[in-house]
1. In this structure, is THR79 surrounded by 15 or more Cβ atoms within 10 Å (Cβ to Cβ), in contact (Cβ under 8 Å) with a residue 12 or more places away in the chain and of a type in the set (Ser, Thr, Tyr)?
2. Considering only residues that are part of a helix (DSSP H, G or I), closer than 28 Å to LYS88 by Cβ and among the hydroxyl-bearing types (Ser, Thr, Tyr), which ones fall in the stretch 112-171?
3. Condition test on GLY154, is it modelled with pLDDT under 95, under 30 Å from VAL119 (Cβ atoms) and over 17 Å from the mean Cα position of the chain (by Cα)?
4. Looking at the stretch 100-111, which of its residues are out of contact with any Phe, Trp or Tyr (no Cβ under 9 Å at 6 or more places or on another chain) and part of a helix (DSSP H, G or I)?
5. Having 3 or more residues that are within 17 Å of the chain's Cα centre (by Cα) and of a type outside the set (Phe, Trp, Tyr) is the bar; report the strands (runs of 3 or more DSSP E) wholly within the stretch 7-99 that clear it.
6. Restricting attention to the stretch 204-225, report how many residues are closer than 16 Å to GLU36 by Cα and part of a strand (DSSP E or B).
7. Mind listing whichever residues of the stretch 71-107 are β-branched (Val, Ile, Thr) and either over 21 Å from TRP144 (Cα atoms) or in contact with a Gly (Cβ under 7 Å, 6 or more places away or on another chain) (or both)?
8. With the structure loaded, tell me whether SER67 is among the polar types (S, T, N, Q), within 19 Å of GLN28 (Cα to Cα) and surrounded by fewer than 21 Cβ atoms within 10 Å (Cβ to Cβ) or whether it fails that test.
Amino acid sequence: MSSGISEKPVVKLVDVYKKYKLGEAEFQALRGVNLEVRKGEFVAVMGPSGSGKTTLLNIMGLIDRPSSGKVFIDGLDTTKLSDFELAKIRNTKIGFVFQSFNLINRLTVYENIELPLLVRGLSKAERERLVISALLKVGGDISWLRKKPLQLSGGQQQRVAIARALVTNPSFILADEPTGNLDRASGKIVMSTFVGLNKQGQTIVMVTHDPEVAHCAQKILYIKDGRIIKVEEQVDFSKCILNTQS
């Protein structure tokens, strides 16, 4: 477990509800969620399909707005911010990692990692320094930079996606089923990357359906029917995919 956890929450949800219109009916995706993720924590979110996991991640990532309640990012109440202001926070404070990598296959690995930096007005040399630093931090190889994503394995592509999330030095990373499209060996590599980043102080919130992946985190939130029903504070790391055999 990381020893660098602070009491200050990087993201805080207060009584968050989210409902969607489904034709004439309404669907309550989140029902009164209260949650704090502190700086330096590694939190996993588990629950059955349709329980609200991805909705929770989208709310935390400011991709979606709550129907009611408040979302604080680094102490800032985001509830009444404009779409432009929310986009700026997403670009500067939040890194995203997706199950399907979401890399642009016509761009090189270098260009994919560089994308979040292009709106910042940085020099080419500074962008290059940050791209290389991010790739090395996730255990990537410099030789990948000029390749296209499809020339890499799935595990390598996901590490490129993690580097892209890291390149802006975000307050926290949101990962949605980051091992869902990977075989077990590649999944282990990706989880080793996340555990290593967390040990360096990176805050991570990860949705997963895999208990062996969830047990690599320090805390597991169990969600059902849009509510957090259980919080496992003392996670048994021996059950982590990095320590189990199959």
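1. Working: surrounded by 15 or more Cβ atoms within 10 Å (Cβ to Cβ): no; in contact (Cβ under 8 Å) with a residue 12 or more places away in the chain: yes; of a type in the set (Ser, Thr, Tyr): yes.
No, not satisfied.
2. Initial filter on the stretch 112-171 (part of a helix (DSSP H, G or I)): 112-120, 124-137, 142-144, 149-151, 154-166.
Now drop any that are not closer than 28 Å to LYS88 by Cβ, which leaves 112-120, 124-137, 149, 157-166.
Residue satisfying the conditions is SER133 alone.
3. Numbers: modelled with pLDDT under 95: yes; under 30 Å from VAL119 (Cβ atoms): yes; over 17 Å from the mean Cα position of the chain (by Cα): yes.
It is true that GLY154 is modelled with pLDDT under 95, under 30 Å from VAL119 (Cβ atoms) and over 17 Å from the mean Cα position of the chain (by Cα).
4. GLU111
5. Numbers: elements: 9-22, 25-38, 42-46, 68-73, 94-98.
Correct list: 9-22, 25-38, 42-46, 94-98.
6. Residues of the stretch 204-225 that are closer than 16 Å to GLU36 by Cα, as a first pass: 204-207, 217-223.
Among the residues that remain, those that are also part of a strand (DSSP E or B) are: 204-207, 219-223.
The total comes to 9.
7. First pass over the stretch 71-107, keeping only residues β-branched (Val, Ile, Thr): 71, 73, 78-79, 89, 92, 94, 97, 104.
Result: VAL71, ILE73, THR78, THR79, ILE89, THR92, ILE94.
8. So SER67 passes the test.
The values are calculated or read from the model by the stated rules, or taken from the named source; none is laboratory data. The shown structure was predicted, so the numbers you read here are calculated from the model rather than taken from an experiment. Quick reminder, even Gly has a Cβ in these numbers, built from the backbone with ideal geometry, and neighbours come from all protein chains shown.
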